[in-house]
Amino acid sequence: MVPRCFPWLDGEAGTCRVRRTSFTGVQVGDLVTLTHTAAGIDGLKVRIAELTLDKPDSPEVAIRWKEDRGWLNAIPTVVAPDDVAAEGEYTAQPLLAAAVVELPYGYLRDSRPALIFLPVRGDPLTNGFHAYWERTADSFVQVASGSSFAMKGPLNAVLAAGTLADATLDITFTGDDWTLEETTLEEATTTQPLQVFLGGEILSGYDATLTGPKRYTLKVLREWFGTRAETHATGATAYVLQLGLEPAVTWAADLPEGAAVFKEQPRLLAQELDLATCPEIAVTIQKRAQRSAAPTNLRVFEDGAHPTYTSGQNIPVNWTQTSELRFGFNVTQNLDCRADGLVLQVLTTAGVLKGELAFAGNAGPVTITNAQLVSLLGSETDFKLRAFYSLAGLRSLNYDEITVRRT
């Protein structure tokens, strides 16, 4: 018998010999079930590809078959899911710390109350955050968004207010963000890419040196953006903002003076931490940007160290106009003083306020007459003199002070 076959059939193939009586009526292309107990085959569905008879009266038929995948694929089968745990799920994590600082005028050069947001990441994956302001009780509105995170750490040594030249910070960072990039002195004086927020003072950092695990010695230029040098104790918390392509996250608005509440909400891609779980950040708005920086280098009789006066003398007072960009009186980059008046307070050497005198303009000198001095103090005696700038009735938050002795 000439075998018949279908070459278009695909799938696993095999050959076997079967009893002729069991294949009566079977043709090429038919779907049959093969069973072979010894081979462990029980009900294998195959399609006949070829039938061969050795001779017309042969009791056996040689067959070639192919697996019928179309039939197998059509069988409805419930497949149990693999019991394999997910590789990992990532979501936004709570912040390590969150801070909001009211900015002086020199930072943004905007006279409205302005704030900078300084969140510190609690994990290395969080890649952005939103800033919210509490407009009414328990109702927050988004006011800013960005990805410039700060670093945080305590000081390992005190930084005195009088240490202006060659000042350094010794700081150990906490958290996952702690690496400081190289910043030159030129960059520190021009673009301030490394900013340190320490108390009410803003410093510009450069020449960072790694001295231990997460510990740096950082050279700093003090009294930036019109802030005044303060004494920062050991353990004081510093927030360090390292700026690159992304700017600092700030917000300026006509906020009233007094208490304000903010939140910083971390996010990872499109996933945000529940705002309700983000802690509130209380800030006292002082209208810092609307106030001029205080005068500096206060002098009496042009003596800024140990001035004296004698009986009957008037007191000539002078000072140095302050840059709203960089404090001090050796200013390379200047931002002219905006003050429209000066206020001089007269105090006892014990610090008891006896009265004050107001003068128009921001340039000196001015004179305290002997009669005015005696009227305030009650007699000619030693006293302290404090100088504030004023702008539209708002006084500078800081002042300069000098002690005057009577001889």
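Only the coordinates and a few stated rules stand behind these numbers; no lab work does. What you see is a predicted model, and the numbers here were worked out from it, not measured in a lab. Cβ: placed from backbone, ideal geometry, glycine included. Neighbour counts: every protein chain shown.
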Karplus (6.51, -1.76, 1.60) ³J(HN,Hα), θ = phi - 60°, over segment 167-174, in Hz, Gly and Pro reported as x:
6, 9, 10, 10, 9, 10, 7, 10
Describe numerically, in nm with one decimal, the distance between label points set 7 Å from Cα along Cα→Cβ at residue 13 and at residue 284.
9.2 nm
Counting other beta carbons within 10 Å of each Cβ, put 223, 181, 187 in order, fewest first.
181, 187, 223
Using a cut-off of 10 Å between beta-carbons, work out the net charge of the residues near residue 386 (Lys and Arg +1, Asp and Glu -1, residue 386 not included).
-2
Tell me the label-point distance for the pair residue 369, residue 24, using the 7 Å Cα-to-Cβ offset, in nm and rounded to one decimal.
14.4 nm
Calculated log₁₀ intensity ratio I(q)/I(0) where the Debye formula runs over C-alpha points of segment 97-289, q = 0.11, 0.15 Å⁻¹
-0.49, -0.92
Other-chain or far-sequence residues with amide H under 5 Å of residue 400's (modelled H)
387
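Could you line up 292, 22, 390 from fewest to most neighbouring Cβ atoms inside 10 Å?
Fewest-to-most ranking of 292, 22, 390: 22, 390, 292.
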List the residues whose amide H sits under 5 Å from the amide H of residue 60, counting only those 5 or more places along or on another chain, with H placed 1.01 Å from N in the peptide plane.
20
Could you work out the relative contact order of segment 13-73? I mean the mean sequence separation of Cα pairs under 8 Å and 6+ apart, divided by the number of residues, in percent.
40 percent
Partners for residue 384 among lysines (Cα-Cα distance below 28 Å; same-chain residues under 8 apart left out):
287, 354
How large is the charge dipole for the chain, taken about the Cα centre, if only the Cβ atoms of Lys, Arg (+1) and Asp, Glu (-1) carry charge, to the nearest 20 debye?
360 debye
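Net charge around residue 134, counting only other residues with Cβ within less than 13 Å of its Cβ (Lys, Arg = +1; Asp, Glu = -1)?
With Lys, Arg at +1 and Asp, Glu at -1, the net is -1.
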Enumerate the amide H contacts of residue 146 below 5 Å, restricted to partners 5 or more residues apart or on another chain; note that Pro and chain-start residues carry no placed amide H.
129
Below 8 Å between Cα atoms, with a sequence gap of 6+, how large is the relative contact order for segment 226-351 in percent?
20 percent
Just to check I understand the Karplus step: with θ = phi - 60° and J = 6.51 cos²θ - 1.76 cosθ + 1.60, what whole-Hz values come out for segment 388-393, glycine and proline as x?
10, 8, 10, 9, 6, x
Based solely on its DSSP helices, what 222 nm [θ] is calculated for the chain when runs of n ≥ 4 H residues each add -39,500 (n - 2.57) and the sum is averaged over all residues, nearest 500 deg cm²/dmol?
-1000 deg cm²/dmol
Nearest-0.05 FRET efficiency for residue 142 and residue 310 at R0 = 56 Å, using Cβ-Cβ distance, is 0.30
Stretchable slack from residue 360 to residue 211, in nm (0.36 nm times residue separation minus alpha-carbon distance)
48.5 nm
Going residue by residue through segment 341-356, the Karplus relation 6.51 cos²θ - 1.76 cosθ + 1.60 with θ = phi - 60° gives ³J(HN,Hα) values, rounded to whole Hz and with x marking Gly or Pro, of x, 10, 10, 10, 9, 9, 10, 6, 5, 7, x, 8, 5, 9, x, 8
What is the order of 336, 166, fewest Cβ neighbours within 10 Å to most?
166, 336
Mind checking the full-extension length gain between residue 380 and residue 110? Use 0.36 nm per residue of separation minus the Cα-Cα distance, one decimal, nm.
92.8 nm
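How far, in nm, would the chain grow between residue 259 and residue 189 when pulled straight, counting 0.36 nm per residue and subtracting the alpha carbon separation?
Going from the current span to full extension adds 21.8 nm.
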Residue 233 versus residue 268, label points 7 Å from Cα toward the beta carbon: distance in nm?
3.8 nm
By a straight-distance test (C-alpha under 26 Å), which lysines pair with residue 214 as possible cross-link partners, with residues fewer than eight away in the same chain excluded?
152
Extent of the chain along each principal axis, from alpha carbon coordinates, in Å, largest to smallest?
151, 47, 31
Placing +1 on each Lys and Arg Cβ and -1 on each Asp and Glu Cβ in the chain, then taking the dipole about the Cα centre, the residue among 90, 307, 174 whose Cα reaches farthest towards the positive end is 307
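What stretch of the chain, leaving out the sites themselves, is the longest with no chymotrypsin sites (Phe, Trp or Tyr not before Pro) in a DSSP loop having at most 15 other Cβ atoms within 10 Å?
91-300
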